[in-house]
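See structure below.
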Amino acid sequence: MKMDAGQIVPAGSASIDAPAQPVLRRQVFYVSGFDPLGPRRYRELYRTEAPRQGKLAGYEATVAGQPAGPDGAYRWDAVLTEADGRSARASFEFLGWDDIVRHSIRPSLLHVYRIMFRTLALYLGSGALGAMLRLRRGPLIAGLYPVAVMLFYLVFAGLAGVAGGAFASALGAPAWLAVPAGMVAFVGVMLGTRYTEEQILAYFLVNDLAWSAQDRGAWPPELDARLDRFAERIAETLASDEADEVLVVGHSSGAQLAVTALRRALERHGAQPRSELALLTLGQSIPMTSFLPGAEALRADLAALADDARVFWLDVSAPTDGACFALTDPVAVTRAAGRPEGTQNPVILSAAFRNTIDPARLRRMRWRLFRLHFQYLCAFDRPGSYDYFRITAGPETLRERHGGTGISPSAITVPAGPYLHAG
């Protein structure tokens, strides 16, 4: 069925309900979260975890490098063959913003504390923090954890400063030396906190939160321009008819970037894509941004994708992952209408870490926040309905695999944000 440019297919359109064809070629666009390490990390993770999952789930998966795209984009290929002989090939393209992340992280402790207090004031003053209390507590605890750690650093360094001044006085030093001695102790302790950062990551997490909040939830100009580039690349692929399925994947804070990039790509493309089109969001923390006053555009993008049947959207999370808003409909909580009856997008699915990861291994990962948060991209000991590698490289479309899944009965699907999209 031909469509006019800009036309949106209503949910339940007959043109979308045609039987899915086997996927032989898939184009995957991957958007990472706030991560300065870049694309090689994600290719290597896929290269090691896909064969491991294949052994456990009964398929073969191989990964090979691919030359960079014309714009320098990092790419790789994966081939997955099921036990019944069905095979599919996926081409991955990393939509990178890691350079922006690296440039946003400054070494100055004064800068980190300044943005920490500014961000905390914004979340308190806007009502976002109170609204998030009505959702899952895990990500709120994860968000407040670095604040608590940094306040502890200040208190501890202050006590060390007082002790340093008192110690200097006890040694018989002149009174005028006590203050400098205390200052040296204070500064020394604060500088020493840098050596705990690799394990505690308090400063990194504050940078992550502050980045999203720096313009009250609106996209910073450099990221806004990068999202336009992402959208152009996705739109080019939709127009080329080179893939049986185009799949956009967003992990962590990359989920909201994937939403906006795909919405803009559809605006550019206009017509009904010839390829199947799907969005996969993993471990999303979208309310951390969408609940802020300046995130009107993001809230509109969320609502538009939820209503656009050209896209099949699966949102996967797990209550055990404390860094995401588990089983929370990211559209409904920021929309005045909540989740209207009959809404298809997004399908809310639990990765059920407690059932799919070996209990002993899960206990070992319990306090490894980032490792748990990356589990969506890794192999599961007891494979369930969610399989990242079958989704991204297997012979079935995402709609075919999960179109009949429905939403988790534990999903939060009611308005909760302090600022709601009316559409």
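Quick note: the coordinates plus some simple rules give every number you see, no bench work behind them. Since we're looking at a predicted model, the values are computed, not measured. Positions of Cβ are generated from backbone atoms using ideal geometry, with glycine treated the same way; all protein chains shown enter the neighbour counts.
At-a-glance table
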| quantity | calculated |
| --- | --- |
| Long-range amide H partners of THR328 with built H, under 5 Å | ILE412 |
| GNM result for the chain, Cα springs below 10 Å: residue of GLN21, GLN284, GLN256 fluctuating most strongly | GLN21 |
| Ascending count of other beta-carbon atoms within 10 Å, so fewest first, for ILE105, ILE407 | ILE105, ILE407 |
| ALA170-ALA148 FRET efficiency (beta carbon distance; Förster radius 41 Å; 0.05 resolution) | 0.80 |
| Within-13-Å neighbourhood charge of ALA297 [Cβ basis; K, R +1; D, E -1] | -2 |
| Full-stretch length increase - LYS55, THR196 - with 0.36 nm per residue and alpha-carbon distance subtracted | 47.0 nm |
| Ordering of 89-101, 56-68, 119-131 by packing [mean C-beta count within 10 Å, highest first] | 89-101, 119-131, 56-68 |
| 3J(HN,Hα) from dihedral phi, the stretch 209-218, Karplus parametrisation 6.51/-1.76/1.60, rounded to Hz, x for glycine, proline | 4, 5, 4, 5, 9, 4, 10, 6, x, 6 |
| The stretch 340-358-the stretch 119-190 distance, computed between alpha-carbon centres (Å) | 39 Å |
| Integer Hz, Karplus 6.51/-1.76/1.60 couplings in order for the stretch 359-367, x for Gly and Pro | x, 5, 5, 5, 5, 5, 8, 3, 9 |
| For LEU279, residues with placed amide H under 5 Å, excluding near neighbours | VAL248, PHE312, TRP313, LEU314 |
| Antiparallel bridge percentage (DSSP; both residues within the chain; nearest 5) | 35 percent |
| Cβ-Cβ FRET estimate between VAL79 and ARG134, R0 fixed at 45 Å, reported to 0.05 | 0.50 |
| Computed [θ] at 222 nm, deg cm²/dmol, the chain (DSSP H ≥ 4; -39,500 (n - 2.57); rounded to nearest 500) | -14000 deg cm²/dmol |
| Hz values of 3J(HN,Hα) by residue in the stretch 317-331 - Karplus curve (6.51, -1.76, 1.60), Gly and Pro given as x | 8, 8, x, 5, 7, x, 9, 9, 8, 5, 6, 10, 5, x, 7 |
| Highest-fluctuation residue, ALA304, ALA170, ALA243 considered, GNM on the chain with Cα pairs under 10 Å | ALA170 |
| Selection from ILE141, LEU129, GLY188, by position along the positive dipole direction of the chain (Cβ) | GLY188 |
| Footprinting exposure proxy for VAL246, VAL259 (fewest neighbouring C-beta atoms within 10 Å first) | VAL246, VAL259 |
| Amide H partners (placed H, <5 Å) of ALA271, local residues excluded | GLY6 |
| Fully extended contour minus Cα-Cα distance, from ASP71 to ALA422, at 0.36 nm per residue | 122.5 nm |
| Nearest-0.05 FRET efficiency for ARG25 and ALA163, computed from C-beta distance (R0 60 Å) | 0.35 |
| Anisotropy class of the stretch 357-423 from Cα gyration tensor, a/c 1.5 cut | oblate |
| Order of VAL162, VAL311 - criterion: other Cβ atoms within 10 Å of each residue's Cβ, fewest first | VAL162, VAL311 |
